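Everything on this sheet refers to the single structure shown next.
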Amino acid sequence: MQRMTRQLILSSTLALLTPSAALAGAVGGAVSQPAASTIAINSVWVVLAGALVFLMQAGFAMLETGMSRSKNAVNIMMKNYMDLCVGTVLFWLLGYGLMFGFNPTGWLGTDHFAPSDGGDWEFTLLFFHIMFASTAATIVSGAMAERTNYLSYLFGAIGITAIIYPVLGSWIWNSNGWLKQMGFIDFAGSTVVHSLGGWCALAGVILLGPRLGRFSETGTIHNIPGHNVGMLGLGGFILWFGWFGFNAGSTLEASTNIGLIALNTQLSGAMGAISALLISVVLRKPILISSTVNGSIAGLVAITAGCATMDASYAALTGFIGGIISVLGVQLLEKIRIDDVVGAISVHGFAGVWGTLAAGIFLKGNMFNGDQIIVQLIGISATFIWVFFAALIMYGLIKITFGLRVSTMHEQRGLDITEHGEIAYPEFTHNAAYKTEHLPHLQKL
């Protein structure tokens, strides 16, 4: 009896959401009416999901600002704010066409540049994917924090959103892309968005070098703590909230599997935080909020590829392993003297690789299929080769032409005053040399 009642409720709910052909004929006089109604419902869902992804930009800004020193707070906020702006325009002008335009070769789209007269559904998709492009670009911000020339950083964001990201996306998400044709699985972007951001960050920090005082000549690692753990924690919460739009919105329709996608996302994020805590205990390391939040984000990154094609138990396992990777990855990078301020390379690059591989290993109905795993490895390898070396060339050219890193004096003073002429916390710097009125003199140093 209870089962029949549940089925009746479900049938009634679906009837309300999806008008029948008979109802369409009574209202619109045509059987095609349900399709138009369905498109309208899907459009509302995708736009709402895109708005949630937009909110992730605020989460990244808060997390990165909290993990940086107070003298660079304005700079971090400005990078996250403006890479969204330049990313929006460049992806509309060029990136969307390269990614989703007609792709006869499997490598690049050839039309749909700067679309302004397409159909309503295309505008919905463009809005949604603009948010993804901006997310990919802003991952780099935290890794390169506290020593990067501001305009040079924006030039890099332009290159990512206009070329590097859409070219990779055309391989994987364009229906004619060569990796798409091979059956590569990356539902919402563990590779397309997150590993891409991680590999761009790796190229950037290699060319930048570490912050002053981060590593001594004798090999000692000096911790440089951030200034606001509250902002860090709130940034983690906001990122997690936005991730429901990131993953569930990638259905591109108001479908019935949204619940499973959201559940898998939640489980994986939670297990990532738990495993980061546990591995810290096992390694006799302090249980840091930065490691815990990064563990949850690594779990979210890892499940992004397989959130729609994985059972809940395997989603939890995927997140658990992702959290461990985030902690061990940070330690590995420190040992080889790579200075990533927020752990973006480990959280997005390394965990993104694991999540993409897990999507092939734990594919529902076809688990542990060797052929699928090989396809995933091909996609992971091709992504690293394209993204890392393209970013290395891009940042190398920026370094030669405009200069990638600020001067030693500007790094010591802080990028807020030297790059932007304002200070995030002026009430605490009454007697400091770095005041707005001293800016012309400081810029000459």
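So here's what we get for this one:
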quantity	calculated
Hits in region 63-77 - residues which are part of a helix (DSSP H, G or I) and either of a type in the set (S, T, N, Q) or open to solvent by less than 40 Å² (accessible area, probe 1.4 Å) (or both)	63, 64, 65, 66, 70, 72, 73, 74, 75, 76
Options 374, 380: the member that is farther than 21 Å from residue 267 by Cβ, out of contact with any helix residue (DSSP H, G or I) (no Cβ under 6 Å at 6 or more places or on another chain) and assigned to a helix (DSSP H, G or I)	374
Only one of 8, 23, 84, 16 that is in a helix (DSSP H, G or I), open to solvent by less than 60 Å² (accessible area, probe 1.4 Å) and either modelled with pLDDT under 50 or closer than 30 Å to residue 415 by Cα (or both)	84
Residue check for residue 185: of a type in the set (A, V, I, L, M) and farther than 28 Å from residue 67 by Cβ	yes
Residue 143 being farther than 19 Å from residue 340 by Cβ and within 20 Å of the chain's Cα centre (by Cα)	no
Selection from region 34-60 of residues that are of a type in the set (Val, Ile, Thr) and more than 13 Å from residue 132 (Cβ to Cβ)	38, 39, 41, 44, 47
Residue check, residue 91 open to solvent by 50 Å² or more (accessible area, probe 1.4 Å) and either on the phi < 0 side of the Ramachandran plot or of a type outside the set (A, V, I, L, M, F, W, C) (or both)	no
Residues located in region 299-347, provided they are in a loop (DSSP other than H, G, I, E, B), surrounded by 22 or more Cβ atoms within 10 Å (Cβ to Cβ) and among the β-branched types (Val, Ile, Thr)	304, 341, 342
Residue among 206, 185 that alone is aliphatic (A, V, I, L, M), at pLDDT 95 or above and not in a loop (DSSP other than H, G, I, E, B)	206
Of residues in region 218-266 being among the polar types (S, T, N, Q) and assigned to a loop (DSSP other than H, G, I, E, B), the one nearest to residue 336 (Cα to Cα)	220
Qualifying residues in region 202-240 (those that are β-branched (Val, Ile, Thr) and out of contact with any Gly (no Cβ under 8 Å at 6 or more places or on another chain)) - the one most open to solvent (accessible area, probe 1.4 Å)	218
In region 188-203, the residues that are assigned to a helix (DSSP H, G or I) and of a type in the set (A, V, I, L, M, F, W, C)	192, 193, 196, 199, 200, 201, 202, 203
Flag if residue 107 is more than 26 Å from residue 354 (Cβ to Cβ) and either part of a loop (DSSP other than H, G, I, E, B) or among the charged types (D, E, K, R) (or both)	yes
Qualifying position, being out of contact with any Ser or Thr (no Cβ under 8 Å at 6 or more places or on another chain) and open to solvent by 10 Å² or more (accessible area, probe 1.4 Å), among 262, 273	262
Qualifying residue in region 120-135 (condition: more than 23 Å from the chain's Cα centre (by Cα) and either not in a loop (DSSP other than H, G, I, E, B) or not β-branched (Val, Ile, Thr) (or both))	yes
Cβ-Cβ under 6 Å pairs, at least 6 apart or on other chains, region 135-160 side without any contact (Cβ under 8 Å) to a residue 40 or more places away in the chain, far side aromatic (Phe, Trp, Tyr) and open to solvent by 10 Å² or more (accessible area, probe 1.4 Å)	none
Residue match in region 399-408 (condition: assigned to a helix (DSSP H, G or I), at pLDDT 95 or above and open to solvent by less than 20 Å² (accessible area, probe 1.4 Å))	no
Contacts under 7 angstrom Cβ, first residue in region 95-114 being charged (D, E, K, R), partner in a helix (DSSP H, G or I), 6 or more apart	111/97
One residue from 290, 296, 280 being in contact (Cβ under 8 Å) with a residue 60 or more places away in the chain and either touching a strand residue (DSSP E or B) at 6+ places or on another chain (Cβ under 9 Å) or surrounded by fewer than 22 Cβ atoms within 10 Å (Cβ to Cβ) (or both)	290
Selected residue (criterion: farthest from residue 210 (Cα to Cα)) from residues of region 409-430 that are hydrophobic (A, V, I, L, M, F, W, C) and assigned to a helix (DSSP H, G or I)	428
Breaking point among (1) open to solvent by less than 60 Å² (accessible area, probe 1.4 Å); (2) farther than 30 Å from residue 181 by Cβ; (3) assigned to a helix (DSSP H, G or I), for residue 352	(2)
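The values are calculated or read from the model by the stated rules, or taken from the named source; none is laboratory data. The model shown is predicted, which means the values in this text are computed figures rather than measured ones. Every residue, glycine as well, gets a Cβ built from its backbone with ideal geometry; the counts of neighbours run over all protein chains shown. The accessibility values were calculated without ligands, DNA or RNA, using every heavy atom of the protein model including side chains. Shrake-Rupley method; radii C 1.70, N 1.55, O 1.52, S 1.80 Å.
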